[in-house]
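For reference, the structure discussed in these notes is given below.
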Amino acid sequence: LSSHTDARGTKEYNEQLSQARAQKCVDYIISQGIPATRIEAAGYGESQPLNKCVDGVWCNERMHQENRRTELRFLAD
């Protein structure tokens, strides 16, 4: 499970924020009965934008929103 932020805020803050968001999602999934050994949290901060909204580039709110996301990827055993 990976979580991402927009480019507003410092890189350090965004990395911590995205890791905390990812861990909250993982904690919820575990609380629903999925074994902890089957899921992992990864916070990427602002390092993987889906658009051009990086430090120093003006973007509207909708564009920033696009980069704030949590993704769940399923892997085969």
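The values are calculated or read from the model by the stated rules, or taken from the named source; none is laboratory data. Keep in mind the model is a prediction, meaning the values are calculated, not measured. For neighbour counting, all protein chains shown are included, and Cβ atoms are generated from backbone atoms with ideal geometry for every residue, glycine included. All accessible areas refer to the heavy atoms of the entire protein, side chains included, with ligands and DNA or RNA removed. Shrake-Rupley method; radii C 1.70, N 1.55, O 1.52, S 1.80 Å.
Within region 33-65, the set of residues being open to solvent by 70 Å² or more (accessible area, probe 1.4 Å) and either of a type in the set (Val, Ile, Thr) or closer than 20 Å to Gln19 by Cα (or both) comprises Ile34, Thr37, Arg38, Glu40, Tyr44, Ser47, Gln48, Leu50, Asp55, Gln65.
A Cβ distance below 9 Å, combined with a sequence gap of six or more or placement on separate chains, defines the contacts here; from region 16-45, residues that are closer than 15 Å to Leu72 by Cα reach residues that are assigned to a helix (DSSP H, G or I) and hydroxyl-bearing (Ser, Thr, Tyr) in the pairs Ala42/Ser18; Gly43/Ser18; Tyr44/Ser18.
Answer yes or no as to whether Glu71 is charged (D, E, K, R), open to solvent by 60 Å² or more (accessible area, probe 1.4 Å) and free of Cβ contacts under 8 Å to residues at least 40 places away in the same chain. Talk me through it step by step, then tell me what you get.
Details: charged (D, E, K, R): yes; open to solvent by 60 Å² or more (accessible area, probe 1.4 Å): yes; free of Cβ contacts under 8 Å to residues at least 40 places away in the same chain: no.
No.
If you check Ser31, Ser2, which single one turns out to be touching a strand residue (DSSP E or B) at 6+ places or on another chain (Cβ under 6 Å) and of a type outside the set (Lys, Arg)?
After ruling out the rest, the residue left standing is Ser2.
Scanning region 1-34 for residues that are polar (S, T, N, Q), in a helix (DSSP H, G or I) and within 14 Å of Gln48 (Cβ to Cβ) returns Asn14, Ser18, Gln19.
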